[in-house]
1. In segment 109-130, which residues are of a type outside the set (S, T, N, Q) and surrounded by fewer than 17 Cβ atoms within 10 Å (Cβ to Cβ)?
2. Out of (1) hydrophobic (A, V, I, L, M, F, W, C); (2) in contact (Cβ under 8 Å) with a residue 40 or more places away in the chain; (3) more than 24 Å from residue 155 (Cβ to Cβ), the odd one out for residue 94 is which?
3. Go through segment 106-120 and give me each residue that's more than 16 Å from the ligand (Cβ to nearest atom) and acidic (Asp, Glu).
4. So, in segment 71-81, exactly how many residues are free of Cβ contacts under 8 Å to residues at least 24 places away in the same chain and within 22 Å of residue 24 (Cα to Cα)?
Amino acid sequence: MLEPDNFVVREYFKKRIGDEGLKIMMHVPEGEITDEEIARLSDTKLTAVRKILYRLYENRIAEYRTERDDNSGWITYLWRFNYDNAKKILEEDADGTLTKLKSQLDEEQSGVFYQCDCQRVLFEEAAANNFSCAECGTNFEFVANDDLISELEGKIAKIEKWKKKIKKE
Ligand SMILES: [Zn+2]
């Protein structure tokens with residue numbers, strides 16, 4: 001289930017559990033596996049593997065079931081990766097970011113902005129204060145926001161492309 005070349009999986013782990021977590025999880029073969037096996041396969045300390053696994057478990061990305069050996073009483077934890085949940089969480093993540101960016105873009109496109117030494121305000125506020133800031137005493141000057149707008153548009157396009165890619169996986 002956890003393929004190292006899978007886009008969704010790679011993006012998720014890079015974002016949520018960092019490079020070490022990524023390295024550990026990339027060694028998890030399809031199906032169930034014990035934490036000891038993961039540690040051995042990824043050449044990582046068992047404690048580090050467990051830490052990552054529990055973080056994934058809290059995020060509903062990894063699941064486990066236990067198996068009890070009738071003779072020894074030993075309990076084995078068998079871990080499995082939940083690919084569908086990873087996908088869902090990634091999509092939710094992307095949606096949240098998109099909502100924020102789009103409302104920011106909307107503000108930038110509909111407003112005209114002025115700036116003093118201490119803050120950036122809308123034209124209406126600058127005009128109401130006679131283009132002079134009461135807080136720092138400097139004048140409000142017009143600032144173009146074309147660069148900021150294209151930056152926001154670029155970010156939005158990138159995330160939307162990424163979301164499409166996740167859906168396809
Ligand atoms: Zn000011």
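1. 111, 112, 117, 118, 120, 122, 123, 124, 125, 127, 128
2. The one condition residue 94 does not meet is (3).
3. 106, 107, 108
4. Residues in segment 71-81 being free of Cβ contacts under 8 Å to residues at least 24 places away in the same chain and within 22 Å of residue 24 (Cα to Cα): 0 in total.
Residues are listed down the side, and each one gets a yes or a no for (1) in the same structural domain as residue 11 (by TED's automatic domain parsing); (2) within 16 Å of the ligand (Cβ to nearest atom); (3) closer than 24 Å to residue 27 by Cα; (4) not charged (D, E, K, R):
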residue: 63; (1), (2), (3), (4): yes, no, yes, no
residue: 69; (1), (2), (3), (4): yes, no, no, no
residue: 95; (1), (2), (3), (4): no, no, no, no
residue: 100; (1), (2), (3), (4): no, no, no, no
residue: 122; (1), (2), (3), (4): no, yes, no, yes
residue: 132; (1), (2), (3), (4): no, yes, no, yes
residue: 135; (1), (2), (3), (4): no, yes, no, no
residue: 149; (1), (2), (3), (4): no, no, no, yes
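The values are calculated or read from the model by the stated rules, or taken from the named source; none is laboratory data. Since we're looking at a predicted model, the values are computed, not measured. Glycine also receives a Cβ, built like all others from the backbone with ideal geometry; neighbour counts cover every protein chain displayed.
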